[in-house]
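Structure first, then comments.
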Amino acid sequence: MTSISGARSWLFAPGDSERKMEKAAAGPADVVLLDLEDAVAEDVKPRARAMISAFLAIHPAQVDVINAAFTPTGEELAEAQEIVDLFAAHPGAGTIGHKGAMLDRPHLARAQALLASRGRA
């Protein structure tokens with residue numbers, strides 16, 4: 001197995017197609033990166049994330065571990081709701097200070113997406 005630092009070839013494969021991921025994994029590239037950003041349309045990113053998680057799980061015993069790792073905690077959901085509520089209270093704000101940090105619209109979008117993924121939007 002080649003280390004990442006010694007990799008001679010890298011292949012970026014779209015993460016929205018099981019066929020493309022299987023082809024990339026079977027190919028000669030030293031490193032395969034399953035792309036969720038540039039190669040995947042915005043409206044299919046949630047499905048692509050689920051596909052990649054399933055693709056990377058090589059044994060049924062891994063499913064619970066993967067779900068535990070990627071399921072947001074109650075604390076993370078509460079924090080996301082705080083961010084959404086904070087921006088809702090200040091609809092014209094581009095940035096808001098919160099708990100010693102500066103939050104901007106990308107933080108809001110991520111919080112909204114997290115809540116939507118759990119049916120809490």
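The values are calculated or read from the model by the stated rules, or taken from the named source; none is laboratory data. Computed from a predicted model, the values in this text were never measured in an experiment. Ideal geometry is used to build each Cβ from the backbone, glycine not excepted, and the neighbour counts take in all protein chains shown.
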Exercise. So, in the range 1-41, of the ones that are part of a helix (DSSP H, G or I) and of a type in the set (A, V, I, L, M), which residue ends up nearest to residue 114 (Cα to Cα)?
Worked result: 21
Problem set entry | Residue list for the range 88-105, restricted to those being surrounded by 10 or more Cβ atoms within 10 Å (Cβ to Cβ), in contact with a helix residue (DSSP H, G or I) (Cβ under 9 Å, 6 or more places away or on another chain) and assigned to a strand (DSSP E or B) | 95, 96, 98, 103
For this session: Please specify each residue of the range 60-87 satisfying the condition of being surrounded by fewer than 12 Cβ atoms within 10 Å (Cβ to Cβ) and in contact with a helix residue (DSSP H, G or I) (Cβ under 8 Å, 6 or more places away or on another chain).
Result: 70
Problem set entry | Which listed residue is at pLDDT below 90, more than 14 Å from the chain's Cα centre (by Cα) and not hydroxyl-bearing (Ser, Thr, Tyr), from 88, 24 | 24
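Confirm whether residue 44 is at pLDDT 80 or above and in a loop (DSSP other than H, G, I, E, B).
It is false that residue 44 is at pLDDT 80 or above and in a loop (DSSP other than H, G, I, E, B).
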Exercise. Which members of the range 57-72 meet the condition of being in a helix (DSSP H, G or I) and touching a residue at least 12 places away in the same chain (Cβ under 8 Å)?
Worked result: 66, 70
Exercise. Is it true that residue 89 is farther than 26 Å from residue 116 by Cβ, free of Cβ contacts under 8 Å to residues at least 24 places away in the same chain and not β-branched (Val, Ile, Thr)?
Worked result: no
